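Participant: Below you will find the structure I want to go over with you.
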Amino acid sequence: MVFIGYKRLTLTEAPRLEITNITRRFGGRPVVDDVSLAVMPGQVTCLLGPSGCGKSTTLRIIAGVERADEGEIRMDGKLIAGGGVLVPPEARGTGLMFQDFALFPHLSVGDNVAFGLSGTRTEKRLRVRELLEKVGLHRYVDNFPHELSGGEQQRVALARALAPRPKIMLMDEPFSGLDNRLRDGIRDETLAVLKDEGTAVLLVTHEPEEAMRMADEIALMRRGRIVQRGAPYNIYNAPVDREAAAFFSDVNVIKGVVKGALTHTAFGQFLAPGYPDGAEVEIVIRPQHLRIDFDRGGQGPAPTPDHGVWAPATVARARFVGTESIVDFVMEDASTLKATVPNVFLPKPGTTLWVAIRRDRCFVFPAGGKSAQR
Ligand SMILES: Nc1ncnc2c1ncn2[C@@H]1O[C@H](COP(=O)(O)OP(=O)(O)OP(=O)(O)O)[C@@H](O)[C@H]1O
Ligand SMILES: [Mg+2]
């Protein structure tokens with residue numbers, strides 16, 4: 001059989017926004033620590049990380065309302081901060097949308113959206129109409145903000161920020177003020193409008209689900225630094241270390257010691273290339289990537305290349321939580337494991353089952369949760 005190689009041609013497109021080696025210290029402590037990041041035109045990049053890791057400070061530096069101690073910022077290749085240059089916030093061409101998106105209460109919906117627009121009255125009217133239609137709110141053009149629901153006000157704020165066609169939208173937890181049930185729908189609608197407008201977006205969030213739902217690219221931030229960048233699929237399935245894996249879901253950690261580039265566990269051998277003999281490693285696996293099978297008179301299923309060795313496990317607790325069940329196991333060495341199973345699966349506590357782990361879904365990291373050695 002002949003395979004004809006197919007390589008996707010990527011035009012060398014310039015980033016819309018490029019920040020290089022940005023550092024910001026407060027009281028001598030770096031809160032943003034040597035951060036570099038690019039946002040491509042038409043793409044949504046999510047800056048994702050736990051509370052206090054420096055996300056908002058990074059966004060504020062890009063907006064120009066906070067200064068950086070070091071580093072440079074370029075918009076469409078043009079220097080806007082760094083090297084003695086400091087373009088003021090209003091001249092940077094950024095659209096801002098923060099959690100507190102406060103509409104002007106004394107202006108109608110239409111006037112709110114028209115607020116930042118220049119041009120003739122007709123041009124403004126057309127642009128307001130276009131955006132309000134995009135967010136599905138044109139019928140409210142003459143209403144006042146207090147006559148709208150929270151979700152509707154949020155959509156008006158989006159229309160207002162997009163109206164002047166910003167080069168980039170900077171959004172800081174824009175959905176966190178909304179009630180849970182509204183939020184998913186509004187996220188999807190917002191994404192559709194942003195994509196339709198072709199706007200580059202840098203969205204800050206501490207919620208992995210939000211980042212996965214919205215982002216073309218995720219930049220994972222921790223203690224002021226970007227620790228990993230990539231498409232949601234890659235960040236989720238190839239985390240850079242245990243902490244990165246654990247940021248997206250519960251994880252199971254199986255401990256091992258390396259001998260001859262292998263580590264032996266109740267689940268068989270795992271490759272640990274590059275680790276010296278005696279090194280302590282952790283095999284990290286998400287609960288949905290455990291496999292469960294029944295006991296057959298004290299025997300489990302035969303080992304397979306995909307699942308390795310099956311190990312006996314005692315059910316400690318099983319709960320149904322909606323779309324899946326969570327089963328907690330105690331292993332023979334008294335360690336615990338957590339498995340999730342689609343739909344309803346509620347074995348009785350004390351039941352012996354057999355557990356295996358998907359070899360293509362586990363990661364071997366050095367013990368202690370630090371970055372993997374390669
Ligand atoms: N003006 C300031 N002076 C002193 N410390 C500050 C200042 N602004 C922010 N910090 C500190 O910098 C750190 C990062 O703050 P930042 O607001 O960027 O975090 P964040 O990642 O946005 O967190 P969250 O998810 O909670 O919004 C925090 O410890 C904060 O207290
Ligand atoms: Mg913040």
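Rule-based calculations on the coordinates, nothing more; no lab input. All figures in this text were calculated on a predicted structure; none of them were measured in a lab. Glycine gets a Cβ as well: all are built from the backbone with ideal geometry, and neighbour counts include every protein chain shown.
Participant: If neighbour count is taken as other Cβ atoms inside 10 Å, put 212, 97 in order from fewest to most.
Facilitator: In order of increasing Cβ crowding within 10 Å: 212, 97.
Participant: Let me ask another. So what is log10(I(q)/I(0)) for the stretch 250-366 at q = 0.09, 0.17 1/Å, when the Debye sum runs over its Cα atoms only?
Facilitator: Values returned for q = 0.09, 0.17 Å⁻¹ are -0.24, -0.81.
Participant: Separate question: For each of 73, 235, count neighbouring Cβ atoms within 10 Å of the residue's Cβ, then give the residues from fewest to most.
Facilitator: With the sparsest Cβ surroundings first, the list reads 73, 235.
Participant: Under the 0.36 nm per residue contour assumption, what length would be gained going from the current alpha-carbon distance of residue 184 and residue 117 to full extension?
Facilitator: Extra length available between residue 184 and residue 117 comes to 21.2 nm.
Participant: Considering only DSSP beta bridges with both partners in the chain, what is the antiparallel share in %, to the nearest 5?
Facilitator: Roughly 75 percent of the beta bridges in the chain run antiparallel, per DSSP.
Participant: Binned at 5 Å from 0, what are the whole-percent values of the Cα-Cα distance distribution for the stretch 17-243, short to long?
Facilitator: 1, 7, 14, 18, 19, 16, 12, 8, 4, 1, 0, 0
Participant: Order by neighbour count: 191, 353, fewest other Cβ atoms within 10 Å first, most last.
Facilitator: Ranking 191, 353 by Cβ neighbours within 10 Å, fewest first, gives 191, 353.
Participant: Pairing the Cα long axis of helix 121-134 with the longest principal axis of the chain, what angle in degrees results, from 0 to 90 and rounded to the nearest 10?
Facilitator: 20 degrees
Participant: While we're on this one: For the stretch 250-366, what does the relative contact order come out to in percent, with C-alpha contacts under 8 Å and a separation of six or more?
Facilitator: Relative contact order comes out at 29 percent.
Participant: For the chain, what does the helix formula give at 222 nm: sum of -39500 (n - 2.57) over DSSP H segments with n ≥ 4, over the residue count, nearest 500 deg cm²/dmol?
Facilitator: Rounded to the nearest 500, it is -6500 deg cm²/dmol.
Participant: Can you give the percent of C-alpha pairs in the stretch 1-139 whose distance is more than 26 Å?
Facilitator: Tail fraction, whole percent: 45.
Participant: Follow-up question, since we're still on this one. Hey, which of these cross-link pairs are over 21 Å Cα-Cα: 255/348; 55/338; 255/338; 55/134; 78/124; 134/167?
Facilitator: Flagged as over cut-off: 255/348; 55/338; 55/134; 78/124.
Participant: How far, in degrees from 0 to 90, does helix 150-162 lean away from the longest principal axis of the Cα atoms of the chain, to the nearest 10?
Facilitator: Tilt of helix 150-162: around 70 degrees.
Participant: What number, in percent, do you get for the relative contact order of the chain if the mean sequence gap of Cα pairs under 8 Å and at least 6 apart is divided by its residue count?
Facilitator: That works out to 15 percent.
Participant: Determine, from the Cβ-Cβ distance of residue 280 and residue 321 and an R0 of 25 Å, the FRET efficiency 1/(1 + (r/R0)^6), rounded to the nearest 0.05.
Facilitator: Working: r = 33 Å, r/R0 = 1.33.
Efficiency, from the Cβ-Cβ distance: 0.15.
Participant: Now for a different question. Rounded to the nearest 10 degrees, what's the angle between the helix 180-197 long axis and the longest principal axis of the chain, both from Cα atoms, 0 to 90?
Facilitator: Rounded to the nearest ten degrees, it is 60.
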